[in-house]
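None of the figures in this text is laboratory data; all of them are computed from the coordinates on show. What you see is a predicted model; the values in this text were computed from it and never measured. Cβ: placed from backbone, ideal geometry, glycine included. Neighbour counts: every protein chain shown.
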Amino acid sequence: MIPASFDYQRASSVDEAIGLLSGAGEDAKLLAGGHSLLPLMKLRLASPSLLVDIAGIQELSYVRQSGDHLAIGSLTRHADLSRSEAALHEAPLLAHVAGQIGDPQVRHRGTIGGSIAHGDPASDLPAACLALNASFVVASPRGERNIAAADFFRGFLETELASDEVLVEIIVPTAAGAGWSFQKFNRRAQDWAIVGVAAVSNGSTRIGLVNMGPTPVRAIGVEQALGQGASVTEAAQHASDGLDPPADLNASPEYRRHLATVLVGRALEEAAQKKA
């Protein structure tokens, strides 16, 4: 439970953080809330040579409505996002999910950018971002680029972020009046979800799944079935189509497939009831 030795630098701006990352190569890691990275370091599953602390960059903490989308700074704390009036009105699914993460200590230290950049398939916010058709703005010495959530998650704990890139902003299309739901099943309130479902219905339906593959994934089979006129019950049967749920101490793949079917059905029903 003791991490390998590492150097530590505190960045006061995004440009400084990018410079530190560029100088250190692939062995450097960003530190924000630390709830994802530090446990891996203690288990020596991650051994960065340099930690670049960006937690003090206040310019990356905000929730703003800008035209037809919300712009959310990557260092926005879960607790702040869950209470944001803009998020509660324009993207209530995201605000709700942020308010369900961990316990109050985690929500007051953890950041949305840290959760997304970590790319954990068991994390709630990445699945919500998939359902909301979000995109992520990343900065590097080469400038900025925008990556769709659907293209961001590449493998287990692996994302499109290059070693010298910093996630700076999350772009979420506004969805005021859309139906939405977040369902998850876990053994205890603060545990990772065994399976989770984030659904948004606004003309069409998008569904993000938690812990149903090596990355956060969408329930494409359900979305296609709904588009072809299937009922909620019929569509939910396609919850695990094409997916490879993991096996662990909490659940077998078969159990996760069953849970996904049940939770997708519940999410679709609730989203329909909430739709304005």
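For the pair residue 224 and residue 204, the difference between a 0.36 nm per residue extended length and the Cα-Cα distance amounts to 6.2 nm.
The residues packed around residue 121, meaning those with a beta-carbon under 14 Å from its beta-carbon, carry a net charge of -1 if Lys and Arg are +1 and Asp and Glu are -1. Evaluated with a Cβ-only charge set (Lys, Arg +1; Asp, Glu -1), the chain carries a dipole of roughly 700 debye about its Cα centre, given to the nearest 20. Partner lysines whose Cα lies under 20 Å from the Cα of residue 42, excluding those fewer than 8 positions away in the same chain, are identified as 29.
Its residue count N sets the reference 2.2 N^0.38 Å, and the alpha-carbon radius of gyration of the range 1-151 equals 1.05 times that reference. Between residue 2 and residue 27, the C-beta separation translates, for a Förster distance of 30 Å, into a calculated FRET efficiency of about 0.95. Put a dot 7 Å past the Cα of residue 12, heading toward its Cβ, do the same for residue 103, and the two dots end up 3.6 nm apart.
Plainly put, the chain has a radius of gyration that is 0.97 times its Kirkwood radius, both from alpha-carbon atoms, as the Rg/Rh ratio. A simple spin-label model places pseudo-atoms 7 Å from Cα toward Cβ; at residue 146 and residue 162 they are separated by 2.0 nm. Could you tell me which of rounded, prolate or oblate describes the range 135-276, using a ≥ b ≥ c as the square roots of the eigenvalues of the alpha-carbon gyration tensor, with rounded for a/c under 1.5 and, failing that, prolate when a/b is larger than b/c and oblate otherwise? Taking the square roots of the gyration eigenvalues as a ≥ b ≥ c, the range 135-276 is oblate. Can you give the FRET efficiency to the nearest 0.05 for residue 234 and residue 190, using r as the Cβ-Cβ distance and R₀ = 51 Å? The value I calculate is 0.90. Along the axis of the charge dipole computed for the range 180-274 (Cβ charges of +1 for Lys and Arg, -1 for Asp and Glu, origin at the Cα centre), the listed residues 267, 237, 221 are led at the positive end by 267. For q values of 0.13, 0.16 Å⁻¹, compute log₁₀ I(q)/I(0) with the Debye formula on a Cα-only model of the range 7-53, without solvent. Debye curve over Cα of the range 7-53, log10 I(q)/I(0) at q = 0.13, 0.16 Å⁻¹: -0.27, -0.40.
The chymotrypsin sites (Phe, Trp or Tyr not before Pro) found in the range 125-216 that occupy coil by DSSP, while having at most 15 further C-beta atoms within 10 Å, are 156. Once both labels are positioned 7 Å from their Cα atoms along Cα-to-Cβ, the gap between residue 47 and residue 62 label points is 4.1 nm.
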